[in-house]
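Below you'll find the structure, written out as structure tokens, and then a few comments.
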Amino acid sequence: MEENLEDILRNGFLTWRKNLNIAVPFLLSSIINLLLIVIFITIIYFFLNPFQSSFATASYGRYSPLSSINWLLLLLDILLVISFLIIMSIISSFFYAGAIGMSKKAIETGKTTLDDMIEYGKKKFITIFLINLLIFIFVLIICLILAIIQMIFRGEFITIFVTIVDIVFAVVPFAVVIGDLGVIEGLKKGFRFFIDNKFPVVLLWIFVRYITQFIGYIPIFIAAIIFSIGILFVPIPSDISSIPSFTSPNLLIPLLLVFLLTIAVSILVSWIISVFVISPLTTIWWSKLYLDGKK
Amino acid sequence: MTESIEDLIKKGYRNWRPNLILGVPFLLDTIATIIIIILILIMLYLCLHGPVSSMLESIYYSSSSAFTPQFIQKALNILLVVVVVAIIAKILITLVSSFFVAGAIGMAQKAIETGKTSLGDMIEYGRGNFISLFFANITISIIYLSITIVLAIVFLMASGALIFFYINITNVVVVGLALLKIGLATWILYVIILNVVFILLGIILIPVPYAVVISHLGAIDALREGYRFFMNNKLLIFFLWAVISAVDWGLGLVFSVVISPFYLLNFISPLIHLIFLAILFLLYGLFLLLTITPLSTVWWTRLYLDRTIGIKNEPSPPEVQPPSQEPPSSQPEIYI
């Protein structure tokens, strides 16, 4: 290990400051995924809604809602959900591979461009996607077994298992993109890297977890301030004179607006923090750790 | 050359491992605190049992209103006694824990510098530093208290000023709603700001006890030095804080798995399960007190020592590095 963790954190921070465009892949990824979700919900709701007919008939009380579901449409919807999830995962993989490639370039040459994103994304998105899929299926199967154990014994089995998998396979995507490896070699290499560098990997994982948690308090703080100041500006209509008129829209609509504004602002702030600060910084730190670690 | 966080954690662990006796001051501190609390409660009971029961009797048996001026006078006296006793208890507990924490930090310093420590070090360092640490702790308490009070006054005045907007309105319901919304808004802001300030202060003031014991500073100098130390080592202090929190969290997860087989006792009797759980939680608390608290004290001591006066005459660790690695890198530096 040439650099210690502090140097990795400090220099990674400097690299991020000089290359703020590493946020671009995360930005594009979340925007495209959001658009996809909107399209997807529109399709299901307007064209392929399996419950549409059942609501109409159920309201007459003659048929039970279950018997009148259009099963073919339901099947179609399930297939659609799965294919959409796969598409979204592929898109995320593309941009994630691009972000790792960009941070590799930024660390090695000090400067990176969006061409690097496209280059690395194109080269590695299938591998990243397949690895994510493999790990996901593996975790899902074990978690299903653990869920049964957890129901009987009430221990935190699932959290422990997911944490261990998260730590052990933390560097796998970085091994794939930076080391230019395939699926199996990437998994092997990532696992070996963990075995050779257990201590730094665990420490960096802890640091990232707690810094994320710490920064996560910022949206809560902002939300509370907006909520309390918003309440102050809710006008109290003068036509209120008795208890039943508390439900008057003059009072309820501004309150609802304040509430929605609070939620919207806190979601927006945490999204901005995640896309522009947390994700690029952690990507750079992990890339740096992988580049500096024992091979 | 300062230590990296990896070395700090590894070497701190190696310092702590042969010196499990480092848990003793914390154990003694907890026992002493519990004894003080029990004594104070017994004293309060003995002092107030008579007056309070006579007051309750006067409420029961008087036909007219019980809240006469004498009654209120008595109630205020009792309140005064409770407040005075609470302050005395706080001072006593702070005094005792200052002694043991100073002792523990001294023991940790001894363990780091010589590799071995004993309870004699605890008494020596505790005796030498507990007064300064006590005044530092009391100053910190006063800082917290004054922030709470000043913020409360500011927010009360702000809400009072806002209520003036509704001074011309005669509609009772509107005024009530206005009070409700102003109260809610200022209360949320107050709680949030207080929490943020306290969390930040809690992290900023971590080095203060170490400044008292290791740098032999007085209360005010230690506060200043602790703040300066925090400002110079923000990243490392946050990192160590995160590591200690993560160890805590991980042990909690493991503990939840350890106690999970006892859930089967529920099928025999829920009461037995509860008793077992209580015993296990007590043991777990004891385990944390005897392992994690001293270990984190060693880590903080190491961090402070390393970044201020440096770790002197540290014995070489038992696992000696293979010599084939060392000479080529160190010799050129010597001869150049």
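The values are calculated or read from the model by the stated rules, or taken from the named source; none is laboratory data. None of these values were measured; they are calculated from a predicted model. Methodologically, a virtual Cβ is constructed for each residue, glycine included, from the backbone with ideal geometry; neighbour enumeration extends over all protein chains shown. Just so you know, the surface numbers come from the protein's heavy atoms only, side chains and all, with ligands and any DNA or RNA stripped out. Shrake-Rupley method; radii C 1.70, N 1.55, O 1.52, S 1.80 Å.
One equal scatterer on each Cα of region A:73-226, no solvent, Debye formula: the resulting log10 I(q)/I(0) at q = 0.08, 0.11 Å⁻¹ is -0.32, -0.60. What number does region B:84-182 give for Rg over Rh if you use C-alpha atoms and the Kirkwood radius? Here the Rg-to-Rh quotient is 1.41. State log₁₀ I(q)/I(0) for the protein assembly as shown at q = 0.08, 0.11 Å⁻¹ as given by the Debye formula over alpha-carbon point scatterers of equal weight, solvent excluded. The Cα Debye sum returns log10 ratios of -0.91, -1.41. Electrostatic bookkeeping for A:Trp205 treats Lys and Arg as +1 and Asp and Glu as -1; over the other residues with beta carbon under 15 Å from its beta carbon, the sum is +1. Per-atom-type breakdown for chain B gives carbon and sulfur 75% of the accessible area (1.4 Å probe, protein chains only). Cross-linked pairs A:Lys124/A:Lys189; A:Lys123/A:Lys198; A:Lys198/B:Lys10; A:Lys104/A:Lys189; A:Lys198/B:Lys11; B:Lys90/B:Lys234: Cα-Cα separations exceed 20 Å for A:Lys123/A:Lys198; B:Lys90/B:Lys234. With contacts taken as Cα pairs under 8 Å and at least 6 residues apart, region A:5-292 reaches a relative contact order of 24 percent.
Ignoring ligands, DNA and RNA, what percent of the accessible area of region A:86-139 is carbon or sulfur (1.4 Å)? Show your work: numbers first, answer last.
Values: 1860 of 2560 Å².
Answer for region A:86-139: carbon and sulfur cover 73 percent of the accessible area.
Hey, what's the Cα Rg ratio for chain B versus the globular rule of thumb, 2.2 N^0.38 Å? Cα Rg divided by the expected 2.2 N^0.38 Å: 1.35.
Multiply the residue separation of A:Ile82 and A:Leu257 by 0.36 nm, subtract the distance between their alpha-carbon atoms, and state the gained length in nm to one decimal. Present the calculation step by step, with values, prior to reporting the outcome.
Numbers: separation 175, 0.36 × 175 = 63.00 nm, distance 3.55 nm.
The span from A:Ile82 to A:Leu257 would gain 59.4 nm if fully extended.
Shown for region B:1-50: residues covered by the partner protein chains by 20 Å² or more of accessible area relative to the chain by itself (probe radius 1.4 Å), namely B:Ser4, B:Ile5, B:Glu6, B:Ile9, B:Lys10. Remark: region B:5-313 carries 53 Å² of accessible area per residue (probe radius 1.4 Å; ligands, DNA and RNA excluded).
For A:Ser103, the accessible surface of its heavy atoms amounts to roughly 0 Å² (probe 1.4 Å, protein chains only, rounded to the nearest 10).
Find the accessible area per residue for chain A; the probe is 1.4 Å, ligands and nucleic acids are left out, and the unit is Å². Mind showing how you got there, number by number?
Values: 16050 Å² over 295 residues.
Here the per-residue accessible area is 54 Å².
Ligands, DNA and RNA excluded, the heavy atoms of B:Arg307 present near 60 Å² of accessible surface to a 1.4 Å solvent probe. When the alpha-carbon atoms of region B:29-133 are used, the pair Rg, Dmax equals 22.1, 75 angstrom.
Would you please give the FRET efficiency between B:Leu274 and B:Gln73, computed as 1/(1 + (r/R0)^6) with r the Cβ-Cβ distance and R0 = 45 Å, to the nearest 0.05?
On the way: r = 46 Å, r/R0 = 1.02.
Between B:Leu274 and B:Gln73 the formula returns 0.45.
Ranking of B:Leu41, B:Leu240, A:Leu48 by solvent-accessible surface, largest first: B:Leu41, A:Leu48, B:Leu240 (1.4 Å probe, protein heavy atoms only, all chains present). Take the accessible area of chain A alone and of chain B alone, subtract that of the pair, and you get about 3700 Å² summed over both chains, using a 1.4 Å probe. Taking 7 Å steps out from each Cα toward its Cβ at B:Leu194 and B:Val85 produces label points 2.5 nm apart. Once the C-beta distance of B:Lys116 and A:Leu20 is scaled by a Förster radius of 60 Å, the resulting FRET efficiency is 0.70 to the nearest 0.05.
Starting from a Cα-only point model with no solvent, please compute log10 I(q)/I(0) by Debye for region A:136-295 at q = 0.16, 0.21 1/Å. Debye output, listed in q order: -1.00, -1.24.
With all protein chains in place and ligands, DNA and RNA left out, the 1.4 Å accessible area ranks B:His49, B:His273, B:His216 as B:His216, B:His49, B:His273, largest first.
Measuring only protein heavy atoms, the 1.4 Å probe finds A:Ser83 accessible over about 50 Å².
Rg(Cα) of region A:5-292 divided by 2.2 N^0.38 Å?
Values: Rg = 24.3 Å, N = 288, 2.2 N^0.38 = 18.9 Å.
For region A:5-292, the normalised Cα radius of gyration comes out at 1.28.
Per-residue accessible area (protein heavy atoms, 1.4 Å probe) orders A:Tyr217, A:Tyr45, B:Tyr210 as A:Tyr45, A:Tyr217, B:Tyr210, starting from the largest.
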